Amino acid sequence: MDRLQNTVRPYAWGSTTAIPALLGEQPTGEPQAEMWIGAHPGAPSRLDRHHGPATLDQVIAADPERELGPAAVARFGPGLPFLLKVLAAGQPLSIQAHPTLAQARSGFAAEEEAGIPVDAPHRNYKDANHKPELICALDEFEGLCGFREPTDAAALMASLGVPALDPLIDILRSKPAPEALADALAHILSMTGAKADRTVTEVAGAVEAAADGDPTGALAGYAFAAREFPGDTGLIAALLLNHIRLQPGEALYLGAGIPHAYLRGTGVEIMANSDNVLRCGLTPKHIDIPELLRVVVFEPTAPDVLRPAAAADGEHHYPVPIDEFRLSRYTLGAEPAVLDGRAPQILLCTEGAVRLTGADGETLDLARGQSAFLPATGTDTAVAGPGATLFRATVTL
């Protein structure tokens with residue numbers, strides 16, 4: 001077992017306080033958006049073995065079967081198939097969607113063939129993998145997820161009393177759901193010029209005024225996005241999406257093609273090991289409208305909040321329909337929890353302190369904010385720490 005040293009990404013939307021508080025550090029005043037815990041080449045975790053410091057991707061590449069286990073390598077290939085993060089949003093992230101595996105493979109191959117540099121601002125596909133993800137709230141977490149029913153979105157827009165939205169309202173009320181949502185989003189993304197600027201300004205003002213009477217509801221979330229991204233037509237696209245508020249311990253799974261945006265809050269996020277994002281608003285970054293419309297699934301989707309009950313050993317398991325990752329949250333009691341060692345796993349302590357004890361008697365202590373990598377040794381690991389909270393990321397074999 002290895003303690004990990006992780007990279008914090010300073011994206012502009014990050015909270016200035018949440019990750020420093022988790023790590024027991026003084027804030028620097030700069031945003032700290034994501035702490036990456038894993039083997040993604042963009043910011044791999046570091047560990048210190050007897051031969052000296054190395055990164056987790058290098059250690060795995062040197063002997064995949066020893067680190068990941070033969071079963072995981074046969075199932076997922078010679079790399080860690082998931083990436084764990086602590087995400088701390090002080091401002092909204094862009095509205096976005098992620099491709100299916102087939103879309104990612106074809107999109108990546110096409111951009112490679114076209115010679116588009118991987119770091120080019122207009123590049124869509126950074127790798128050939130899909131990016132399903134799960135977010136579990138550490139504090140109250142607010143976001144947007146999935147399309148509303150078109151008639152519900154039309155009613156919300158009509159309640160704002162902005163005449164410029166009437167064409168959108170007509171689209172949403174007059175067509176079958178998939179066609180209505182696709183046409184409405186395409187209409188929004190095509191809005192440009194002075195007329196679009198006036199419409200966004202009017203919608204922002206109407207949302208702000210309406211939110212005064214509902215300071216904790218959906219309109220307050222939209223008003224927050226409007227203040228953070230003035231003049232961005234993504235505000236109108238946001239009105240098509242469900243507003244959601246997660247309480248600590250609650251989680252949300254996001255599959256391919258589901259439009260979503262995180263507004264504010266801190267959570268533990270796990271995803272397939274990919275960085276493929278198609279954006280559609282609340283961002284200054286590139287928006288590829290044709291590719292976005294090809295990837296998005298235009299179906300109303302009610303957010304399915306996961307609220308698992310604790311098992312006897314304190315495990316809360318968040319079920320997902322894929323095998324590349326499996327996330328559990330442990331609330332440890334008087335008796336240690338026993339973790340199966342047949343698959344690779346990453347452990348993250350978010351409250352209290354824990355002690356890991358391997359079958360050979362090796363121990364490793366983790367304080368709040370610390371993490372560890374456990375290779376697939378085939379032997380169990382005991383985890384003790386009454387009152388502590390521990391997240392476990394692994395795969396399903």
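The values are calculated or read from the model by the stated rules, or taken from the named source; none is laboratory data. Quick caveat, the model's predicted, so the values are computed rather than measured. Ideal geometry is used to build each Cβ from the backbone, glycine not excepted, and the neighbour counts take in all protein chains shown.
Among the residues making up the stretch 371-397, those that are more than 15 Å from Leu332 (Cβ to Cβ) and among the polar types (S, T, N, Q) are Ser371, Thr377, Thr379, Thr394, Thr396.
Condition first: in the same structural domain as Gly205 (by TED's automatic domain parsing), assigned to a loop (DSSP other than H, G, I, E, B) and charged (D, E, K, R). Can you find one or more residues in the stretch 282-297 that meet it?
Start the filter on the stretch 282-297 by keeping residues that are in the same structural domain as Gly205 (by TED's automatic domain parsing), which leaves 282-297.
Filter once more, so that each one left must be assigned to a loop (DSSP other than H, G, I, E, B): 282-288, 296-297.
If we keep only those that are charged (D, E, K, R) as well, we get 285, 288.
Yes, there is a match, as at least one residue in the stretch 282-297 is in the same structural domain as Gly205 (by TED's automatic domain parsing), assigned to a loop (DSSP other than H, G, I, E, B) and charged (D, E, K, R).
Scan Leu390, Leu397 and give me the residue that is in a strand (DSSP E or B) and either touching an Asp or Glu at 6+ places or on another chain (Cβ under 6 Å) or in contact (Cβ under 8 Å) with a residue 12 or more places away in the chain (or both). Walk me through how you get there before you give the answer.
Numbers: Leu397 fails: in a strand (DSSP E or B).
One residue alone meets the criteria, Leu390.
Apart from one condition, Gly42 fits all of (1) assigned to a loop (DSSP other than H, G, I, E, B); (2) modelled with pLDDT of 95 or more; the exception is (2). Across the stretch 356-371, which residue is farthest from Gly38 (Cα to Cα) among those that are among the small types (Gly, Ala, Ser), modelled with pLDDT of 95 or more and surrounded by fewer than 23 Cβ atoms within 10 Å (Cβ to Cβ)? Residue satisfying both the conditions and the ranking: Ala367. Within the stretch 126-135, is even one residue among the hydrophobic types (A, V, I, L, M, F, W, C) and out of contact with any helix residue (DSSP H, G or I) (no Cβ under 6 Å at 6 or more places or on another chain)? Yes, the conditions are met somewhere in the stretch 126-135.
Considering only residues that are surrounded by fewer than 21 Cβ atoms within 10 Å (Cβ to Cβ), within 30 Å of Pro259 (Cα to Cα) and among the polar types (S, T, N, Q), which ones fall in the stretch 45-93? Selection gives Gln91 alone. For the stretch 356-387, a residue qualifies if it is without any contact (Cβ under 8 Å) to a residue 40 or more places away in the chain and either within 23 Å of Gly267 (Cα to Cα) or under 26 Å from the mean Cα position of the chain (by Cα) (or both), and exactly one does: Asp365.
Residues that are more than 21 Å from Phe141 (Cβ to Cβ) and among the aliphatic types (A, V, I, L, M): does the stretch 210-217 have at least one? Walk me through it before giving the result.
Taking the stretch 210-217 and keeping what is more than 21 Å from Phe141 (Cβ to Cβ), we get 210, 212-213.
Then drop every residue that is not among the aliphatic types (A, V, I, L, M), which leaves 210.
Yes, some residue in the stretch 210-217 is more than 21 Å from Phe141 (Cβ to Cβ) and among the aliphatic types (A, V, I, L, M).
For first residues located in the stretch 201-226 and crowded, with 18+ Cβ neighbours inside 10 Å, partners that are among the aromatic types (Phe, Trp, Tyr) and assigned to a helix (DSSP H, G or I) and lie 6+ apart or on another chain with Cβ distances below 8 Å form the pairs Val207/Tyr222; Ala211/Tyr222. Annotation note: Cβ proximity below 7 Å between a residue of the stretch 10-21 that is surrounded by fewer than 20 Cβ atoms within 10 Å (Cβ to Cβ) and a residue that is among the aliphatic types (A, V, I, L, M) and not in a helix (DSSP H, G or I) (sequence gap 6+ or interchain) occurs for Pro10/Ala33; Tyr11/Ala33.
Taking the stretch 94-133 as the region of interest, how many residues are β-branched (Val, Ile, Thr) and buried (at least 24 other Cβ atoms within 10 Å of the Cβ)? Lay out the reasoning, then the answer.
In the first step, residues of the stretch 94-133 are kept if they are β-branched (Val, Ile, Thr); the result is 95, 100, 116, 118.
Restricting the remaining residues to those that are buried (at least 24 other Cβ atoms within 10 Å of the Cβ) gives 95.
Total satisfying the criteria: 1.
Residue selection: Leu165 satisfies the criterion of being more than 26 Å from the chain's Cα centre (by Cα) and buried (at least 17 other Cβ atoms within 10 Å of the Cβ).
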